Structures are given as C-alpha cells and as structure tokens.
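The values are calculated or read from the model by the stated rules, or taken from the named source; none is laboratory data. In this text, all values refer to a predicted model and were calculated from it rather than measured experimentally. As a convention, Cβ positions derive from the backbone with ideal geometry for all residues, glycine included, and neighbour counts pool all protein chains shown. The accessibility values were calculated without ligands, DNA or RNA, using every heavy atom of the protein model including side chains. Shrake-Rupley method; radii C 1.70, N 1.55, O 1.52, S 1.80 Å.
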Amino acid sequence: MKHKITTFVLLFIASNVFSQQKTIDEKVEELLKKMTIEEKVGQLNQYTNDANPTGPLVINPNKQEEIKKGLLGSMLNVMGADRTRKYQELAMQSRLKIPLLFGLDVIHGYKTTFPIPLAEAASWDLEAIEKSARIAAIEASATGIHWTFAPMVDISRDPRWGRVMEGAGEDTYLGSKIAFARVKGFQGDKLGELNSVMACAKHFAAYGAAVGGRDYNSVDMSDRMLWETYLPPFKAAVDAGAATFMNSFNDLNGIPATGNKYLQRDILKGKWNFKGFVVSDWGSIGEMIPHGFAKDSKDAAYKAITAGSDMDMESNAYRNNLAQLVKENKISIDIVDDAVRRILRKKFELGLFDNPFRYSDVERQKAQMNNPEHTKIAREVAAKSIVLLKNEKGILPLSKDLKTIAFIGPMVKPKRANHGFWAIDVKEIDSSYIVSQWEGLVNKIGKKSKLLYAKGCGINNDDKSGFKEAIDIANQSDVVIVSIGERHDMSGEAKSRSTINIPGVQEELVKELQKTGKPIVVLINAGRPLVFNWLADNMPTIVYTWWLGSEAGNAIADVLFGDYNPSGKLPMTFPRSEGQIPLYYNHFNTGRPSMNDNDIIYKSTYIDSPNSPKFPFGYGLSYTSFQYADLKLSKSAISKNEQIVVTMNLTNTGKYDGAEVVQLYIKDKLGSVVRPVKELKDFQKVFLKAGETKNITFTIDNSKLSFYNDKLVFDSEAGEFELMIGTSSEDIRLNANFELVD
Ligand code: BGC
C-alpha cells in the first residue's frame, strides 16, 4: 500500500513538473503575443557589422539604438567573443530582451582553415568533410557565432563561375552526400550544444547555373533539370536537419529566387516541410528592383515576404516597409508572424533565452583557437584533397635523400596563397600559424637537403625579370618544384573569369625551366578547374593542390615525399578550352554521338576540338595501382521492391599503401525521357595496404534507378540498365547489365 502511495505521489509531481515545462513552440507563442509589429519586423532584419562587405552597405547610423529598442534580429560579420558580447549586451537593454543571432561566412574553417570546399570535395571522404565542418563550428561558436552561412550546395558545371570553389562540384550524388555531411558537421549532435552552429544551405536555388558562368546572372532551366540535378543537395541538407536556408541572387526562369514562391513556399516549406527560416542573400530583396521585378523597396518587401523569405540581409526593405504593408492590409500579420516564429524558435533552440552570452566566451575562444588537434586534422584533410594529375616518370614521391631542391614560383612563400577566398579575414587573427609551402618543405626536409628558392615571376603580370634567377637555381638542383596558379582572390564571389588559364607568365616560366632538363614537379594552386594544355601535355608530373588552408605547406610536403599517398579525385570535369563549357560527364548521348575524338563528321562535336575533357570527373592518380576484379551481381533481374547486391575485389597491386575511390555508375538504357550516358550512384573510399585485397559491396535499389519521368514523377521504369565500376568516370574497369522488371 505504502509503495502504491509513493508511486502515486511521484507520478503526480512528475506530471505537474511536466505540465509546467513549456515547449519551445509555447514559449514562442507567448513571446509573440507580447511583441509590437515593429518588434516583429525587427526580428526579420539583419545588419552587417562594418567588416567583410560583399555588397553595398546599408547606411544606418542608428544600428546600436535600434538594437537597444529591440528592432534588430540578427547581425553578420561580428568577429570575436568580446564584440559579439558587446552587441548582445545592447540587445539585453531592449524591452523584451530578445537575443541577437550572429551569423558569419565560416566557409572552410574559422581560424584553422581547411581546404576550400571544392578541394575538400576532391577527397570524397565524407568523414573528413564532416570533421572539418565540426572543427569550424567549434572554433566559430566559441567567438559567439551562432550561425554559419554554409554549406554552399550549388551544383555547377561551369568553372568560369568563381563560386565553384565554394561548392562540391558538378555531381548531384556526390554533392548531396557532401551537403549532408557538412550540415551534420556544423550542427553537431544538436542545436543548443555549445559547440554547434546553425547551418545554412545556400543559395536556393540553381545559382550555379548562371548564364555564361557570370556571377549574379540569370538562370533558365527546365523543371526536370532543376529537380534532378540542382535541388537534391538542398533536399539532403533538409534531411540532415539544416536550420536555415539562404536564397539566391539569380532569377530562375524570370523570377528572382528571393521573390520566388515556387521555390520557397511550395517546394521548401511545403513539399519538404522545412521548419527553419530563410535568409535573403546580401541585399537580394532590394535587388529585385534592378531585376525589374519590384517597383520599389516596398514592393520588393511585399514580394519577398509573400514568397517566403523570412529575414532581410542588408536591404532594409523589411525594416522600412513591412509594418506599413500590414497596416495597409496589403499583407496579413500571419505572414509576418510565421517568419518571426521560425526565427524565434531557433533562438530558443540555441538556448539564447536562457543565457544570451553563452557562446561568447573569451576563454573558450582562446583554447579552441590554439587547439593542436584542429591543426592535425587540417593537415590530414588537406593531404586528402590533393589530386595527382600526372606522374609519368615516377618522379613522385620524392626521395628524402635529395641533395638540392629548387622550390620556385609565386605561390611558394605567401601564406595567404593557400587560404583562398572566403577564409575569415586573417588580418583579424595573427597569421603566423599558417604554414606556407616553403615552410612545409623546410619542416619536412630542411635539415637533410639544401633548399633553394626563387619567386620566378608574379601571378598575374608580364614581368619575366625573375626567370633568370629561377633558371640558375634549377640548374643547381636535383629536382625542381614549381608552384603556380591563381591568386587567392581570382576565384570566389564576383570572381568569374572568361579565360580560365594559369594567369600571367607562369606557364612560360615552366617552359623555360623545362629547358634545364631537370625533373620538374608542377603544383597548381587554384579555386576552380583551370585550362593548362601545354603543362598537361609536356610536364610529366602535375599535382593539383587547389587552396588547401592553414596546413597547406605541410600537407603538400607530405604528398611530395610519400608520407601521404594521394587519393583525391576530381569533383569537376577539367575542360580543354573554355569553348567546351559547360562540360560534364553525365551528359545525354544525343542522336549523333561521336564515338571517339576522331569521329567528327556530322556528329555532335566541334571541328576544332575533341569532345573529351582534359581530365575527367572522378579522375586522380595514386603512387600505387589498383586492380578491379570478380564483379558479381546477386541477381540479373529485379522488381521495384528488390535489391541487387554487387560485389567485387579490389587489390592494391603496387608498392605503396593507399586509398582508392571506387566509383559506381549506372546507365538507364531507355526511358520515357532521355537519360545520361552514366550517373554516379555510389562510391566507397577504400584504404588498402600494398598487396592487400578487399571485397567491396554495393547495393542497388529502386531509388538508384529512379528519375523524373515524362510526367515529372520520380520513379523508375522497367528495362535494361548498365552497371559500371571504375576509378574515374572515364576509366571504367568492370561492367555488367541487369534488368528491372514490372
Ligand atoms: C553571398 C553569400 C554570403 C553573404 C554574406 C553574399 O554576397 O552571396 O553567400 O553568405 O554575402 O556574406
């Protein structure tokens, strides 16, 4: 009896406590009821601090006063725990004490910088990619940042577009996997953990297809292309729990994405049931005026909020017009409330109402900014991102017993050269920790070999006066390493190029060095695929090092001397010329396909260039070799609810331990709409010791065979399929046919 009474009392207490614990939604509703329309509109407004503008600044002398009055919801570009704290203190002076959200473009690391996202995609290593985002979140959150404007998940088939450096390349399957991994990395176990930041999938949508590869340009695309190629990485971000989305500058089929109801309301918040909020891109609400889509700022505010843009970054359109639009009954308060609710919900989830200063922690900032574990991982990820394009004479890996090494080129010494665009402004932080390529070489071999340096030339000018010194030191050396490429600000936002060559006289420098007859290793540093036909045809050894971040120097040295065996594979096709762009591996066959580079008469080809790329998607060499064998399919025919288990053996047949990215492609031979010549549908990165064999298993199910059919329904169609497994999209080593039956 006594036992029963105790249980009853406990249950009573528990249910009482439970009923007093309000859910986040209840707290949001309670707060919403107390807010004036001006305070509500304030939550939808975001200003930048004065650093890092990527567009026109809003002239607003009363920023601080507005915060104190509770008329601002969020700020971007506030750097450092002390500064985020200061702004938050102002917000705490407001009537309702609603905390500010601090956002920042933490694109490839905060202090510890990782390879640019395109380079990281070349690792095809989802665990490493998630880890780098995790570390970026740990460092950023300690400075009071709650929110990163990443990952950028725009598919792009156009290397002229400078922003390809920020994404995962051209492929939808790889891009979706990476989008998922990055969101998980940034957000950690759950929002509200002190070391998590909100992710922001951007730029919704189709920004990567800007006409001519010119930034901010229009996009015109079929619904099928949109759904099949450009939207899946965004869906993957939703599936991973992305807290926010950013819309984009471009118009899509004539409707600016910021004012695009189909994208934001019908697809994102409707079909995908996205519960987070959407921030505009910088000034993109106001930019609907020059687009010719909005008459003035008021009209722009009306169109953006109606279409589902919740927060206004730097346009002032909501601040100046929304309250008026509600008062005039042009928009319903419900629309405003829905946007405010979405934002408040995230502030509650982040725990900011319990303690608005919880992330701004000077001590934690100090500890995390100097965390040696972060440096170690940055070095590993950087090494994994390097792609070995050529190694014909086996010049690499270099012996550690070389007497004299010449390290030549404009990329060798500057630390900034490795960071690339979208690194957090290193001026703000002491940059001595960044390992230049020179320092990396010195760290690796400085005590054993004599190292000689010459700059040779600049990155983007015609000055050849440094050639002589470079040739002189090359003549004195056993091997020459030349580091050339694009300057850190030649790829990125607003950095489209119509010619994607290696700028200046850098290629000429290599031509002169070639005349010395010394073995030459060329390192190409870039934020996009470049065109470098002479080098590709004449240099035996080429390493694509992208922009690798703060550990670039050490990682490059690890690869050059064989302490890391390169395993990167290109996430974008490298064209022979700009005229081939857009060039991508998963194209349609056409009615007049050319069968090889000589088959050009009345075929779908050029009269002055082969169709084939210089280096294909998925390509990348290793110091070892791999053999693909023993392909087996558990069935040769399946119905929609069955699976095929595919197995094969992979053997490391060379002298070095190493990792291989085994790529599985599928071709649907006949459809109600035409299908690509092949599509990546799975991959595995497998590490094998020299001589080792591993059995690899893939599973094919209906989802891998489905596509948007002639009715725009995602489904499969019965018929024959070809399965291809290879080491790149062009180097297919095993294949088999199977059938899908009704
Ligand atoms: C870019 C966004 C970025 C924003 C804030 C814009 O110009 O397009 O990707 O997040 O600026 O810096």
Portion, in percent, of the accessible area of the chain that falls on carbon or sulfur, probe 1.4 Å: 51 percent
Degrees, to the nearest 10: 81-91 long Cα axis against longest axis of the chain: 30 degrees
Whole-Å distance, taken between Cα centres, linking region 84-117 and region 336-388: 9 Å
Stretchable slack from Ser672 to Lys330, in nm (0.36 nm times residue separation minus alpha-carbon distance): 118.6 nm
Pairwise FRET efficiency - Lys468 versus Thr36, Cβ, R0 = 60 Å, nearest 0.05: 0.25
Taking the chain and dividing mean pair separation by its residue count, relative contact order in percent (alpha carbons under 8 Å, at least six apart): 13 percent
Cut-off 14 Å, label 7 Å out along Cα→Cβ of Thr404, residues of region 427-461 by amide N: 449-454
FRET efficiency estimate (nearest 0.05) - Cβ-Cβ, Asp354 to Lys694, R0 60 angstrom: 0.75
Check: region 381-580 dipole with +1 on Lys, Arg Cβ and -1 on Asp, Glu Cβ, in debye: 400 debye
Region 315-397: trypsin sites (Lys or Arg not before Pro) falling in loop per DSSP and having at most 15 other Cβ within 10 Å: Lys330, Lys393
Dipole axis of region 381-580 (+1 Lys, Arg; -1 Asp, Glu on Cβ), positive-most option in Ser432, Thr545, Asn418: Thr545
Cα Rg, Dmax, region 626-740, angstrom units: 15.3, 53
Region 25-364 - Rg over Rh from alpha carbon coordinates, Kirkwood radius: 0.94
Asn737 versus Tyr606: modelled label distance in nm, points set 7 Å from Cα along the beta carbon direction: 3.5 nm
Average accessible area per residue (Å²) across the chain - probe 1.4 Å, nucleic acids and ligands excluded: 39 Å²
Estimated [θ] at 222 nm from DSSP helical runs (n ≥ 4, -39500 (n - 2.57)) normalised by residues in the chain, nearest 500: -8500 deg cm²/dmol
Difference of contour (0.36 nm per residue) and Cα-Cα distance, Asn273 to Glu642: 129.9 nm
Global form of region 381-580, assessed from the alpha-carbon gyration tensor, a/c cut-off 1.5: rounded
Net +/- balance of residues flanking Pro540 in space, Cβ distance below 11 Å, scoring K and R +1, D and E -1: 0
Total charge dipole magnitude, the chain, about the Cα centre, Cβ charges on Lys, Arg, Asp, Glu only, Debye to nearest 20: 1340 debye
FRET efficiency for Arg95 and Asp337, using Cβ-Cβ distance with R0 set to 22 Å, rounded to 0.05: 0.75
Contour minus Cα-Cα distance for Trp534 and Asp50 (0.36 nm per residue): 169.8 nm
Between 0 and 90°, nearest 10: helix 172-187 axis offset from the chain longest Cα axis: 50 degrees
Cα gyration tensor category, rounded, prolate or oblate, for region 582-647 with a/c compared to 1.5: oblate
GluC sites (Glu not before Pro) within region 316-364, DSSP loop, no more than 13 other Cβ atoms inside 10 Å: Glu328
Long pairs among Lys403/Lys614; Lys184/Lys495; Lys450/Lys511; Lys271/Lys632; Lys569/Lys667; Lys400/Lys495, criterion Cα-Cα beyond 31 Å: Lys403/Lys614; Lys271/Lys632; Lys400/Lys495
Computed log₁₀ I(q)/I(0) - Debye formula, equal Cα scatterers, no solvent, the chain, q 0.06, 0.09, 0.10 Å⁻¹: -0.39, -0.85, -1.03
Cβ-based charge dipole, the chain, positive-most Cα from Val673, Phe738, Ala128: Ala128
Restricting region 661-702 to trypsin sites (Lys or Arg not before Pro) in coil, as DSSP defines it, with at most 13 other Cβ within 10 Å: Lys669, Lys689
Anchor Lys86: lysines whose Cα lies under 16 Å away (excluding residues fewer than 8 positions away in-chain): Lys63, Lys68, Lys69, Lys97
Degrees between helix 126-142 axis and first principal axis of the chain (Cα, 0 to 90, nearest 10): 50 degrees
Size of electric dipole in region 626-740: Cβ of Lys, Arg +1 and of Asp, Glu -1, about Cα centre, debye, nearest 20: 200 debye
